[in-house]
Structure formats: C-alpha cells, structure tokens
Amino acid sequence: LVSRDNHPDRSTVRVGGVPIGPATVTLIAGPCAVETPQQTLEAALMAKAAGATLLRGGAFKPRTSPYAFQGLGEEGLRILADVREETGLPIVTEVVDAQDVELVASYADMLQVGTRNAQNFALLQAVGAAGKPVMLKRGMNATIEEWLMAAEYIAQRGNLDIVLCERGIRTFETATRNTLDVSAVPVAQRLSHLPVIVDPSHSGGRRDLVLPLTRAAIAVGADGVIIDVHPQPELALCDGPQALVDGDLEELAGVLRELPPLLGKA
Ligand code: PEP
C-alpha cells in the first residue's frame, strides 16, 4: 500500500489543511514537551514567526529514564488545543500507548509515533484506525525496509495519510546522539509514495547541528523538517540542549526561504 510500484506519483498529506509533500518544504516546530501554557504559547509564537505551519509538542513523552519528565498527559493535550486556538497552528503530538489513541486523536490534528514505538504493531494498527494523519518516525535501529513495513501496518487499517520521519539511527558514533541518515530520504522517496521529513533536533541532539542538518535535509529533497524550539532552553524539562532559541530562528527562517526554491522545491 505504501510502495511506489502501484502509486508512481508521490503523495501529499494534509494536516488541518496544511500540505506535506513534494511541492513544499513544511516546517513543523514547537517545544519538545508541553510544560506550561505560557511556555507552549511562547514556543508556538516563535515557531510561527519562523514560518512554521504546524505546531509540535509532546504531552506523552517516551523517556529513556523512568525518572525523567514523562509529560503532562491529557493536561498537555488541553494546553496544545488552547494554543492551536490562539495561533491557528494545527497540532502534531505523540501517542505512546494503543489505549490512549482515542484520547490523543480527540485533540490532535496529526498523531506521532516515536522512534521507540516504531515497531509497536498494536499501536501502529490503532493509529491506523484513528482517522487522523500519522507521522511515523523511523526506529533508531530499523532498516528502511522495516520502517516501510511499519507504515504498511498503518496503511492496512485504511489510513494512507502517513508521513515518514527520518530522525537518526544508532551507529558507533558518539559525537551526536544518533546519526542522521540523509540517504534514507531519497531512498524512502523512491521506494514509497509517502512524504518524507527529517527531525534534525532529535537526530543530532545538539542545537549547533540543527541548522546544518536542516540544510542537508533540504538538499536531499526532504518534504519538511520538524524542529524543537523553547523560549528558555536552560529551563526545559526535556531536551533543552537541542532546542532552538529566538536568534537561531531567524537563521532557520532564512534557510527555509532561500534553500527550497534553489533546489527545485516550491
Ligand atoms: C519527539 O519528537 O518528541 C521524540 C521523542 O522523538 P524520537 O521519537 O525521534 O526520539
């Protein structure tokens, strides 16, 4: 279902009216985690000013350590919905448990499946049946074939509104959190008709790498990028070191203005 063999044209997925696909480079930005109404609104306004058309923000956070901030749960979803009301930005938010899919889908415009759940087949089937577009991150240990098969689980439930997200894979390298697999973008786009975006924040894990990796993503033809921003990263409860701040966002907006037309994307 997700293969390009029977579907030669590349697809565009619409999230609350916002297109992600071959004709554009969509910027999705926002806080890694929803912490407070004020922090979320400030991050959303920063994101919007930089050209973001979709807001990201985690209410359910899948953390490596059980002692790390796990997210605000439904309270976080309510904050996101309020911020959508205020900014007009549709929301992308992660769901980590099949039992929560209905709840998260009742607030979200797009459901995110994270790298740690990329082969949680019960969750993939549940999001496939939820009637909302899905962003499927690549498992950090998954081959491109396994990633596409994970997408197939969602598609099998009747949902073809799937966006693939390359977010770095585990390699021997320790200088970055994960290694951004830039080849995965054109490879996945040749094998599948689904849009492919890149997460330069979670792959590098470092603020100073977000812009270079964004340039790389656009250069290889990514259909969008998803980026962490935070009004005060030093106080962030989750992944502060990778969040962009106000000054960086101007530069990001410049990259997104200049690079896509240069490289043949609208
Ligand atoms: C995220 O985008 O909030 C996230 C946790 O990303 P990943 O699943 O890629 O680590």
Whole-Hz ³J(HN,Hα) from phi, Karplus 6.51 cos²θ - 1.76 cosθ + 1.60, for the stretch 45-51, glycine and proline x: 5, 4, 4, 5, 5, 7, x
When you count, for each residue, the other Cβ atoms within 10 Å and take the mean per peptide, how do 108-118, 45-55 rank with the highest first? 108-118, 45-55
Got a sec to turn the phi values of the stretch 143-152 into Karplus ³J(HN,Hα) couplings, 6.51 cos²θ - 1.76 cosθ + 1.60 with θ = phi - 60°, whole Hz, x for Gly and Pro? 6, 4, 4, 5, 5, 5, 5, 4, 5, 4
Run the paramagnetic zone check for Arg116: 7 angstrom along Cα to Cβ, then residues of the stretch 172-186 with backbone nitrogen under 19 Å. 177-179
Sorted largest first, extent of the stretch 109-266 alpha carbons per principal axis (Å): 43, 38, 35
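Answer rounded, prolate or oblate for the stretch 1-79, using the Cα gyration tensor with square roots of eigenvalues a ≥ b ≥ c: rounded when a/c is under 1.5, else prolate when a/b is larger than b/c, else oblate.
oblate
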Gyration tensor on Cα atoms of the stretch 1-143, a ≥ b ≥ c root eigenvalues, a/c under 1.5 rounded, else prolate if a/b beats b/c, else oblate, says oblate
For the stretch 62-221, what is the relative contact order in percent, using Cα pairs closer than 8 Å and at least 6 residues apart in sequence? 14 percent
Nitroxide proxy distance, nm - points 7 Å out along Cα→Cβ at Lys265 and Thr36: 3.5 nm
Taking H as built 1.01 Å from N, whose amide H comes closer than 5 Å to the amide H of Gly58, not counting residues under 5 places away? Ala33, Val34
Cα→Cβ-extended label distance, 7 Å offset, between Gln125 and Asp82, nm: 3.8 nm
If you put +1 on each Lys and Arg Cβ and -1 on each Asp and Glu Cβ, how big is the dipole of the stretch 93-214 around its Cα centre, in Debye rounded to 20? 240 debye
Could you please rank Arg215, Arg177, Arg190, placing first whichever residue has the fewest other Cβ atoms within 10 Å of its Cβ? Arg190, Arg215, Arg177
For Asp199, Asp239, what's the fewest-to-most ordering of other Cβ within 10 Å of each Cβ? Asp239, Asp199
Return the calculated 222 nm mean residue ellipticity for the chain, to the nearest 500 deg cm²/dmol, obtained by summing -39500 (n - 2.57) across DSSP H runs with n ≥ 4 and dividing by the residue count. -11000 deg cm²/dmol
10 Å binning of all Cα-Cα separations within the chain, expressed as whole percents from 0 upward: 8, 34, 40, 17, 1
Using θ = phi - 60° and the Karplus form 6.51 cos²θ - 1.76 cosθ + 1.60, what ³J(HN,Hα) does each residue of the stretch 240-248 get, whole Hz, x for Gly and Pro? x, x, 9, 6, 7, 10, 3, x, 5
Length-normalised contact order of the stretch 1-152 in % [C-alpha pairs under 8 Å, at least 6 apart]: 18 percent
Sum up the charges of everything whose Cβ sits under 12 Å from the Cβ of Asp228, counting Lys and Arg as +1 and Asp and Glu as -1, but leave Asp228 out. +1
Only bridges with both residues in the chain count here: give the DSSP antiparallel percent, nearest 5. 15 percent
Candidates Asp100, Asp161, Asp223; GNM for the chain (alpha-carbon contacts under 10 Å) flags as most fluctuating Asp100
Work out which chymotrypsin sites (Phe, Trp or Tyr not before Pro) in the chain are exposed loop sites (DSSP not H, G, I, E or B, at most 11 other Cβ within 10 Å) and give the longest gap free of them. 68-171
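Since every read-out is calculated from the coordinates, none of them should be taken as a lab result. Just so it is clear, the model here is predicted, and its values are computed rather than measured. Neighbour counts run over all protein chains shown; Cβ positions are idealised from the backbone, glycine included.
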